[in-house]
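Down below is the structure, laid out as structure tokens.
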Amino acid sequence: MTGRRAVAALAAVAGLAGLPATAWARPSAGLDGGTILFFADTLALVARNGATLRLDGGIRAGADAIAVDLKTDRVVLAGHAFIQRGSLRADADAIALDLDDQRIDLLDLASGDHRTTRALGEAVQAPIDPARFAFPDVVDRYAYIRAKHAAITPHANVRFRPAAFPTSVGAVPVPSYLYTFATSAGFGASALPAADFDQPYGLWGTPYALTTVHGRWIDGPPAGPDIGLQEQLANGDVEYATAAVDQPLRGQMSTGFDAYRRMSPIYTISAQGTDALGIWAAQTSLGAAFGQAGGRVTLVAGSFGTSSFDTSLRTPDLPLVGGTTLRLTGDVGYDARRGGLLTVLPDAAHYATVWRHSLDAFLATPVVRAPLGTRLSATLEGTRTWYAFPHRYDQLTGTVTASKQFSRAFTMLGTYQNAWSAEVYPYAQALFYPPPNPPLLAPDGTPWYGYDAFAGVAVARSTTVTAQLTPNVNTSAQLAVTRSDDFLQFDGIGPPPWTVTGTLRMRPFPNFGIQLSRSYAFDWGGVRWVPRWSISITP
Amino acid sequence: MTHPLLIAAAAASLFRVVPLACSDDRLAIAGGGVVRLAAGASCAGIVPGKAIAIELDADGRATPRALDPAAHPASAADVPKAAYVLAPVAPADADTADQVVVTIDVFVPPRTPATDDIYLSTDRSDWNPAEIRMDRVDPRHYRLGIPLRRGARLAFRVTRGSFGTTERDAARALPPAHVVIGAPNVDVRVTVAAWADID
């Protein structure tokens, strides 16, 4: 990436990031206490030891303990409770109020419930409404976050100062931590490149925006730490826009964006883009749905003057006999490249844009009962693509999956897939697939003369057998063995003939779950342990 | 007036409750009303907002006891209404401390790559797309049991491990999140119509 582009990208993300901070990110309640506990699963805050609450309008309240239910925005003050606005003050044994409502309930042990408003006028007697005095029954040691101050933005986030994570092993206490609970789907979108470990840290946010800095680890090459800055804007499930800058400590900066909008019950539009290692790519797509049928228009552009365009239409799943379904998809579009796509031709410049059309048929069986208590399903997909230049590309892929549940805790699964493809250039096959000279070298430097047999037809056959053990709800172990028998395949080229992947999911503490995965490739091109630690920590 | 049969039913019963306040011979219970303390019982040791056990005698009077999770599974909702000197107008909320296991069953479409793992992405992890891997039941059926506290709300979506492979509805649009509430024997069944990356 050029320096000018990097500066522009940083400025764009920083500009976006500044929006919520200045315009919308205003907490409406502040909670203080000797101890504040946060429970992520119930979105409950409990403050003890000198608990006080500050609300808009100069209102201040306090009690022996204060609970805030972030799902309902309800606050319960328990024991020696008071609420004060200027010189007006009301005392009670317990007080219930809402963050976004005027009503205040004052519970007196001798006389029952009295109601007033935030104006703190004269209170009137009322029956006790138990739902308003629901103080959560929490076990302090299960708290996800422990703090002394919490600033609450309803329906969006809580900022804790300082924040400790008593049950998250390895989580470092931080001076300030933003926990967001806004439920817009767009907050799940990411424009950052993939990482082997990614720990987001919220800077600021609102119900519609979130700015995060990400501490990351890339397992290479080159391997090393990495830092990312991401801004997310989201409006419910209707639309989102995300932009990110990523800077590895060893490596080049990259940028990305991702945006989506549901325009109507029929139409959706999306756009994505990346710029990394001096290569950029952008895509925009318009989708349409007509019942179960639909279509899509996609335009892609990238570095080196490359672009493509696609218009596709798909049928619904058409029922055939015995629950089998068939779906057809037709596609028309082009591929383009400045200087020509067919570079082996002397007049390549004449083929800067090559139109194509294709037809895809996808056949799927239902899941059926088979002998020995197994369950079986199969799919078959065939695609042919015709190009304006004498050229066609065929693909045929068949998959069969069988499962047998030996008990509720133990299941075995087997999947066989055979994918065949052929690239055909009538009368010019040898021109497009000449024997390499010098011969192709494997990653370890071994010449592979067998590559000469490749003339455009390839096949990928894989068999995966998986054993899955789930002894209890908190533990699951999976071991998968895959055998790949492909053409093209040679030491380090193509998939390893044998791989084993182990995955373990467990929950060693009540609110701390971890998931680990590791793969082993059997002596293939010098690769043994595949660096694919997948770590996921859940509250 | 207190019904004698209700009082008899509550005799010598232990309940786990969260006290809101205690003064003289009266104790306010979260999600409930106000009960009277038994003769000789006091507010000493009661901390507002921290769960305790209470023993109700035949007169519906409460004696605070030390917490024993195994011996006091009941909640404020089970305290007989007749025991309150200042009674609530509606049944109290259920206890939120109990852990329950909810089951989520996911059925994927035929175009799902046969060897892909299926994950749940939830709001409690800021929508980490690979938060929890599901267990496979058969070729197109996945299942996961999740321990939740009773009454806890969990919003989730189904993915194949990344946001780019999140489930889509039949119109290929991002659907609203599924929601499960922590309660015993809850089984949520989700049928995925399509994936974001597979048209």
- Query: If you project the alpha carbons of the range A:117-220 onto the principal axes, what extent comes out on each, in Å, largest first?
  - Reply: 68, 32, 22
- Partners for residue A:404 among aspartates and glutamates (Cα-Cα distance below 19 Å; same-chain residues under 8 apart left out): B:105, B:116, B:117, B:135, B:138
- Message: So for each of A:384-390, A:406-412 I average, over its residues, the number of other beta carbons within 10 Å; can you give me the resulting order with the highest mean first?
- Response: A:384-390, A:406-412
- Starting from the Cα of residue A:148, draw a straight line to each of the aspartates and glutamates and keep only those under 12 Å, dropping any in the same chain fewer than 8 residues away. A:32
- Message: Just checking the output field for B:178-185: average partner chain Cβ neighbours within 10 Å of each residue's Cβ?
- Response: 0
- Item | Ranked list, fewest to most other Cβ atoms within 10 Å of each Cβ, for A:320, A:120 | A:320, A:120
- Note on the structure: Output field shielding_mean for B:146-155 (other chain Cβ, 10 Å radius) holds 5
- Could you work out the mean count of beta carbons from other protein chains within 10 Å of each residue's beta carbon in A:108-119? 3
- Cα convex hull volume per residue for chain A (Å³): 219
- So residue A:452 and residue A:141, fully extended at 0.36 nm per residue minus their Cα-Cα distance, gain in nm 105.4 nm
- Message: Roughly how far apart, in whole Å, are the Cα centres of the range A:177-192 and the range A:427-443?
- Response: 49
- Quick one: order A:172, B:35, A:245 by neighbouring beta-carbon count within 10 Å, fewest to most. A:172, A:245, B:35
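No value in this document is a laboratory result; all are computed from the given coordinates. The shown structure was predicted, so the numbers you read here are calculated from the model rather than taken from an experiment. For neighbour counting, all protein chains shown are included, and Cβ atoms are generated from backbone atoms with ideal geometry for every residue, glycine included.
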